[in-house]
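Let me begin by presenting the structure, written as structure tokens, before commenting on it.
What follows draws every value from the coordinates through simple rules; no lab data is involved. Since we're looking at a predicted model, the values are computed, not measured. Note that each Cβ is placed from the backbone with ideal geometry, even for glycine, and that neighbours are counted across all protein chains shown.
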Amino acid sequence: MSSLRARLLAWLLGGVVFVGAAGGWIVYRNALAEADAFFDYHLRQTALILRDQPVEYLLSQEVAPADASYDFVVQVWSLDGVRVYLSRPHAVLPAITTLGFSTVSTAEGRWRVYGVQALTRVIQVAQPMSVREKRAAQLALSTLAPFALLLPVLALLIWLAVGHALKPLERLTTLVKARRVNALEPLPDTRLPDEVRPLVGALNELLARLAAALGRERAFMADAAHELRTPLTALHLQMDRLARAEGEAERSAAMGQLSAGVERAIRLVEQMLSLAREEPRTPPRRVPVALEPLARECIAELLPLADARHIDLGLGAAQPLTVSGDPDALRTLLRNLIDNAVRYGGEGGRVDVSVEENGNTAAPRVQLAVTDSGPGIPPEERARVLDRFYRRAGTAPPGSGLGLAIVKAIADAHGATLTLTAGPDGRGLRVIVLFPSG
């Protein structure tokens, strides 16, 4: 059953029928108790009336009930247990019992009996319990009959009431269906029931996140197009220069510039792809990653670049620590940090990589740090350099402005914090990434 209205109708009617059945059982039990009290009273009164009559009257008269449902039976017993009078014959009758009220079981069912002693006789008035039970069932059925007759009317009212209550959902569905594909404005949340408002709020939050994601994509595409225009224009000019080159030396110089331009364009595209992979903030796959071997691997990969710039690149403090994360993303993070430090640390400088605990005993965390001895970054610009495509004025060599943006995206995806400070001696730049332990 997929219809919400049909489900509500079934549940509500089921609950009503269950409560009605429970109420009917309670009504029946109450009616049976009332019938027991009523008929017990008449049993006793009949027995007391007959007790005060002369014995000859009992032996000469036949006591008959007023109607079939008033099914009393009178028996008179001698004191030695011999029945001397019976008001009407039955296939099975209760035998003589103790004085007062008692319930006797026979082959025909149970009997309610009241016995009283006269001077020389015992008078016993009995009634089948089935008479009382039948009367109680009739009372219960007569009470529940109007309810049963009104049940279809109740079902119709519930159906109409549920349909009216679901009207806001229908209007909301119609509104969502009528929206354009690119319409990300919030849905109206006025005149909505309290139960529907959280759903609309959740949809509006989703639309806001979609709008933000699309905005980031548009900004990324615009920035990427802007950043690609410059190297592509430079490549076009270098190709023209190569075509106009007259001598071998000029042609060789043009080829070198063209090759360097192509390399810069390739690096820009690679960094843009890396940033695009990290931008959605999807949770990375989680596996244990040992940072020390990863740091040694990235250092070995970038050592030729460091040697070419006469930079002392090495691993300083290194503890065998492990974090939970994506090995490929963490390799990209570390490679970008070391590459930035080597490229912008200045020739003849030093770049140190360290992997250690942060020293906080209350909240220990794994600290990955890359420190260079270059000119550093002024404190007022450290937050800006984490933005995409941002490059400090006068920075050499030229770059894409994506390296630290990629590092920040990967750190955020791993629940790590990224901090830029000056080096231990107050010079250079120290980039610290604090990972959760384990």
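The table below lists the values:
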| item | result |
| --- | --- |
| Positive-pole candidate from Ala107, Tyr85, Leu150, dipole of the stretch 4-159, charges at beta carbon | Leu150 |
| Footprinting exposure proxy for Ser87, Ser259, Ser102 (fewest neighbouring C-beta atoms within 10 Å first) | Ser259, Ser102, Ser87 |
| Tail fraction, Cα-Cα pairs, the stretch 11-53, threshold 16 Å, whole percent | 58 percent |
| Cβ-derived FRET efficiency at R0 22 Å, Ala33 paired with Ala95, nearest 0.05 | 0.25 |
| Placed amide H near Trp111: partners under 5 Å, 5+ positions off or other chain | Val104, Ser105, Thr106, Met129 |
| Segment Arg251-Arg5, extension gain: residue separation times 0.36 nm, minus the distance between their alpha carbons | 80.5 nm |
| Residues Arg29, Arg430 arranged by fewest to most Cβ contacts within 10 Å | Arg29, Arg430 |
| Sorted by Cβ density within 10 Å, fewest first, the residues Asp40, Asp80, Asp425 | Asp80, Asp425, Asp40 |
| Pairwise FRET efficiency - Lys177 versus Ala137, Cβ, R0 = 60 Å, nearest 0.05 | 0.60 |
